[in-house]
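What follows draws every value from the coordinates through simple rules; no lab data is involved. Because the structure is predicted, anything quoted here is derived from the model rather than measured. Reconstructed Cβ throughout: ideal geometry from the backbone, glycine too, with neighbour counts over all protein chains shown.
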Amino acid sequence: MNIVMNFKVLATLVLSVVLFSCSSSDNGSEPDAILGCTDPNSNNYNSEATQDNGSCEYGTYVDLEIPVIFNNLLPAPLIPTNNSQTIEGIALGRKLFYEPLLSGDGTQACADCHFAENAFTDPNQFSTGIDGSIGNRNAMPIYNVAWNFNEKFFWDGRARNVEDQAFGPVVNPIEMNNTWPNAVASLQATSIYPDLFFEAFGTSIIDSVLVVKAIAQFERTLISGNSRFDQYLLGDTNAITAEELNGFNVFMDEDRGDCFHCHGSDANPLWTDNIFHNNGLDTSFLDNGLGIVTGDPLDNGKFKSPSLRNLAYSAPYMHDGRFETLEEVINHYSEGLVFSETIDPLMKNIADGGAHINEDDKADLKAFLLSLSEPEFTTNPDFQDPN
Amino acid sequence: MKKIALLLILAIAFVGCDNDDDTPDPILGCTDENSENYDPNATQDDDSCTYPIEININLSQNWDGTNITLADIGTTEFTNEHGEVLTIARLRYLISKVILHDSEGNEEEIEGYKLADLSDENSLVFTSNAVLPSGTYTRISFVYGFNEEDNITEAYPDLNAATWNWPGMLGGGYHFLQFDGTFKDPNGDSQPFNYHNGTAKISDGVFEQNFITVDVEGLSIDSNSTIDIKMNVAEWFKNPNTWDLNTLSGSLMGNYDAQIMMNQNGQNVFSIDAN
């Protein structure tokens, strides 16, 4: 006991000596700032921190509802460390997604080109902006964005993450044609948004970064992973028909559909590789796609493989919405391929225009593709307009 | 600072002891806490300390000795053994079960596997600064693809997300190689090829393992060695099977003979540089 006591006394003495000598040897300079969250009202207040580094988080944390099949087969979803999912943030993001105040003339919300009933794409080939301008690409559907492990968004990959993506349309002249200062001022002037931002982010001073963070949180909750085919893969053999199962085999057969090299499989339930390919649509390009972003001519004509989930709701198809039906899409790959310099070698039957899938297999392939659609996704009450 | 305090206390305590007792016999051993055989009881260092070594393992590709990098994708023309002029659009392959062996028969496995992608330089680093027990390693073995034990359908989430799976109807598991490109046919027209390798299907439901174990001896790997696992891409077309892309360009995954020919040619594809 004595020894222990002595040690304690000694330790205190030694520590104080060391501390004293440390501070005296500092030549009076300021100690290094300890970075962290300095707001006592935040979730992650750090009482040791002497300088705030913008890491404070507010609101009630909530996990994404991960479909069983994703949990079984895929890495964890990507959620930025500086934008945790919270109940308040998601609710705010949902409200903003349906908020026309974000547009230049207060008439158009994200949801006006990304309809829940269409798996958050636009049933029109091209969307119309607030000034009547017409785009040149079909709006991308929005779901499973937290599982885009390449983190390249849009058909041409120009956005680096979901937040970055959400910056774009508000200020795009042919879309919502606003400025961020103006959009933020419109929200700030309302009686409701300052409070909602305070609940989600601990400040009632709105800025564009917080707007896109909230929208991104909402978009990450748009998860689709419980189609009939998912149920089949999880063991319900009655969930699909014999025709749909044959269609899956056509999809997986290198001699027939050979769709799986780009569009996922029973092992990749995203049903996309999230990578960019030239799939033989044109001999020359009106739209260079990925090539516009990278500046590399070898990327001209490449566009991101879209997921095959929810095709029942997301027509028209392809980056430019040129095909109104799945029959046209399948016929393209079966007979309609045309050569261009950057065509993906996976379009291997290009010399014959495609794989020439027989009519029965085509019908079954279409049936299989539709078994990847999930009606509940389009009607989920959590995803609808809250305003 | 706590450590300094403790050391001070310990020093004082020891001094206290010394005053009371005769000088004890020193306890010999390794006294360096940073060594792998640090002996906390040792009072006198006996030069026995040994230290873990750090190694790097990289993956690279070449065409008969000329380095291939992502800058060659889609641009550089190569001529294969059979005479076809080709360009590479995509080159991905799987390396697993890397084991270093020392001269006494000890084995150290580098955990994990790597899906190498010519278009992504980061994917060509198998491991950097891997720490191994001290010693000189003279032999490296690794598996191209997955061996039977590891080639488990749907088992690897990152490979699933990379759409790297091998269809169940062809035996399942994962691709070993995805080598896509374009070659000139006898008319001078560009034609695609898809040289994909994985489990070989003999008949419906009957499959044959098709991975390759590469084993290289006579190496001298110690601390700070960099090991380069090199793929000579030209060899896929060369020996013993001179590959004719005009007859074997696509739909090769379910072609048993093509799969086995790839395995045979693959025996000569890999080599190791260690320095």
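In sequence order, what are the phi-derived ³J(HN,Hα) couplings for region B:28-39 according to the Karplus relation 6.51 cos²θ - 1.76 cosθ + 1.60 with θ = phi - 60°, rounded to whole Hz, with x for glycine and proline?
7, x, 8, 9, 9, 4, 7, 7, 8, 10, 4, 10
Taking other Cβ within 10 Å of each residue's Cβ, how do A:Asp361, B:Asp273 sort, fewest first?
If I rank by nearby Cβ atoms, fewest first, I get B:Asp273, A:Asp361.
For n ≥ 4 DSSP H runs only, could you compute -39500 (n - 2.57) per run for chain A, divide by its residues and tell me the 222 nm figure to the nearest 500?
Value at 222 nm, helices only: -9500 deg cm²/dmol.
With axes computed from alpha carbons, what is the tilt in degrees of helix B:2-20 against the longest principal axis of chain B, rounded to the nearest 10 within 0 to 90?
Helix B:2-20 sits roughly 40 degrees off the main axis of chain B.
Can you tell me how the protein assembly as shown classifies by the Cα gyration tensor, rounded, prolate or oblate, using a/c under 1.5 as the rounded cut?
oblate
Across region B:177-185, in residue order, what do the Karplus-derived ³J(HN,Hα) couplings come to in whole Hz, using 6.51 cos²θ - 1.76 cosθ + 1.60 with θ = phi - 60° and x for Gly and Pro?
Result, rounded to whole Hz: 8, 10, 10, 10, x, 10, 10, 8, 7.
Search the structure for amide H atoms under 5 Å from the amide H of B:Ile53, placed 1.01 Å from N in the peptide plane, and list their residues when 5 or more places away or on another chain.
B:Leu132, B:Ser134
Can you list the residues, at least 5 places off or on another chain, whose amide H is less than 5 Å from the amide H of A:Gln85, using H built in the peptide plane?
Amide H neighbours of A:Gln85, under 5 Å, 5+ apart: A:Val62.
With +1 on each Lys and Arg Cβ and -1 on each Asp and Glu Cβ, how big is the dipole of region A:262-363 about its Cα centre, in debye rounded to the nearest 20?
280
For a quick check, take a GNM of chain B with Cα springs below 10 Å and name the residue from B:Asp25, B:Asp47, B:Asp185 with the largest mean-square fluctuation.
Top of the fluctuation ranking is B:Asp25.
Measure nothing fancy, just the Cα-based angle from helix A:208-220's long axis to the longest principal axis of chain A, in degrees from 0 to 90, nearest 10.
Once rounded, the angle reads 60 degrees.
Which one of A:Gly202, A:Asn331, A:Phe126 is farthest out on the positive end of the charge dipole of chain A, using unit charges on Cβ (Lys, Arg +1; Asp, Glu -1) and the Cα centre as origin?
A:Gly202
In the Gaussian network model of chain B, springs joining C-alpha atoms below 10 Å, which of B:Met231, B:Met262, B:Met169 carries the largest mean-square fluctuation?
B:Met169
Give me the dipole magnitude in Debye, nearest 20, for chain B about the Cα centre, with unit charges on the beta carbon: positive for Lys and Arg, negative for Asp and Glu.
1460
Taking every DSSP beta bridge that has both residues in chain B, what percent is antiparallel when rounded to the nearest 5?
Roughly 85 percent of the beta bridges in chain B run antiparallel, per DSSP.
Sort A:125-132, B:199-206 by the packing proxy (mean of other Cβ within 10 Å over each peptide's residues), most packed first.
A:125-132, B:199-206
Taking A:Lys302 as the anchor, which aspartates and glutamates have their alpha carbon closer than 18 Å to its alpha carbon, excluding any fewer than eight residues away along the same chain?
Result set, ordered by chain and number: A:Glu151, A:Asp156, A:Asp273, A:Asp282, A:Asp287, A:Asp320, A:Glu341, A:Asp344, B:Asp120, B:Asp180.
Would you work out which of B:Ala89, B:Gly218, B:Phe270 lies farthest towards the positive end of the dipole of chain B, given +1 charges on the beta-carbon of Lys and Arg and -1 on that of Asp and Glu, about the Cα centre?
Farthest along the dipole direction, towards plus: B:Ala89.
Treating only the Cβ atoms of Lys and Arg (+1) and Asp and Glu (-1) as charged, compute the dipole magnitude of chain A about its Cα centre; round to the nearest 20 debye.
Here chain A has a charge dipole of around 900 debye.
Please compute, for peptide A:145-152, the average count of beta-carbon atoms on other protein chains lying within 10 Å of each residue's beta-carbon.
Mean partner-chain Cβ count within 10 Å for A:145-152: 1.
Could you give each residue of region A:36-46 its phi-based ³J(HN,Hα) in whole Hz, using Karplus coefficients 6.51, -1.76, 1.60 with θ = phi - 60°, and x for Gly or Pro?
For region A:36-46, the Karplus-derived couplings read x, 8, 9, 8, x, 8, 7, 6, 10, 4, 10 Hz, x marking Gly and Pro.
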